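A quick write-up on the structure given underneath.
The values are calculated or read from the model by the stated rules, or taken from the named source; none is laboratory data. Here the structure is a predicted model, which is why all the values come from computation and not from measurement. When we count neighbours, we look across all protein chains shown, and the Cβ atoms used for this are built from the backbone with ideal geometry, even at glycine.
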Amino acid sequence: MTGQRIGVYGGTFDPVHIGHLAIAEEVRYALRLDQVLFVPAAHQPLKGHAPGATPLQRLEMVRLACASNPAFAVSDLELRRPPPSYTRDTLVSLRQHLPPTSDLTLIIGADAARDLPRWYRVHEILRMVYLVIVARPDHPFDLAELETRLPGVSLRTTLVDGPRLAVSSTDLRLRLATHRPTRCQIPDAVLGYIRHHGLYLRDALA
Ligand code: ATP
């Protein structure tokens, strides 16, 4: 029996937006994945800002965003561990719970990919999974340059070019805090959740 082809998509998702959903769907299609597993981080070690929503609220928003796509699933694995959320630990854990024939592909945006050489035990990560690096507007990316800092990475990497949506959680937190439009950039169900819980109104500019 052949195993499932699973995309692992980690992030802060503070909040989840259409950029996240669109690239997950693009990668699923391009690599013929059976599933994309969204894994909200308790805390991302390389991110400076404190998240605006609680970890459980971010998880709930990702669940709402993924509910209508049967190929999307959400894992609370990182939220059940004490932070920081190291991807290497997540992948080890997933490997232990999945059939050995499962194929794991790690999905990351171009901005996050530039930081890869600083990731915790990155060489172990490269041995465990294939990488998909997705283009992102305003974040030029050069795989040959990354290869000079992380030899071997290009052999394990597929580049996916688009859809290039200039949407970011940082901009959306600012928009929410200043009552500017966010509709069509955040799924309706997630926006309803944000409004209901009064999220991102005060601390977003911090
Ligand atoms: P923030 O603005 O708070 O840094 P973000 O919009 O980058 O947040 P994250 O949750 O940090 O969202 O992103 C998770 C992953 O998705 C990262 O690998 C990031 O590079 C990627 N990503 C996020 N938005 C996009 C986008 N619009 N296009 C391509 N990749 C994206």
Test result for residue 138, part of a loop (DSSP other than H, G, I, E, B) and within 11 Å of the ligand (Cβ to nearest atom): yes
Please pick out the residue among 131, 146 that is assigned to a strand (DSSP E or B) and either under 17 Å from the mean Cα position of the chain (by Cα) or away from the ligand (no atom under 11 Å from the Cβ) (or both). 131
The helices (runs of 4 or more DSSP H) lying wholly within the range 1-106 that contain at least 3 residues that are within 22 Å of residue 134 (Cα to Cα) and in contact (Cβ under 8 Å) with a residue 60 or more places away in the chain are 18-30, 87-97
Among all residue pairs at least 6 apart or on different chains, which show Cβ distances below 6 Å where the first residue, located in the range 162-187, is in a helix (DSSP H, G or I) and modelled with pLDDT of 95 or more and the second is acidic (Asp, Glu) and within 7 Å of the ligand (Cβ to nearest atom)? 169/14
Counting just the residues of the range 149-161 that are of a type outside the set (A, V, I, L, M) and part of a helix (DSSP H, G or I), which one comes out farthest from residue 61 (Cα to Cα)? 149
Determine which single condition residue 115 fails, assuming it passes every other condition in (1) surrounded by fewer than 18 Cβ atoms within 10 Å (Cβ to Cβ); (2) within 17 Å of residue 168 (Cα to Cα). (2)
Residue check, residue 148 β-branched (Val, Ile, Thr) and more than 30 Å from residue 54 (Cβ to Cβ): yes
Please go through the range 107-128 and give me each residue that is touching a helix residue (DSSP H, G or I) at 6+ places or on another chain (Cβ under 9 Å), within 14 Å of the ligand (Cβ to nearest atom) and not in a strand (DSSP E or B), ordered by number. 113, 114, 116, 119, 125
Taking the condition more than 20 Å from the chain's Cα centre (by Cα) and either surrounded by 14 or more Cβ atoms within 10 Å (Cβ to Cβ) or hydrophobic (A, V, I, L, M, F, W, C) (or both), does residue 172 pass? no
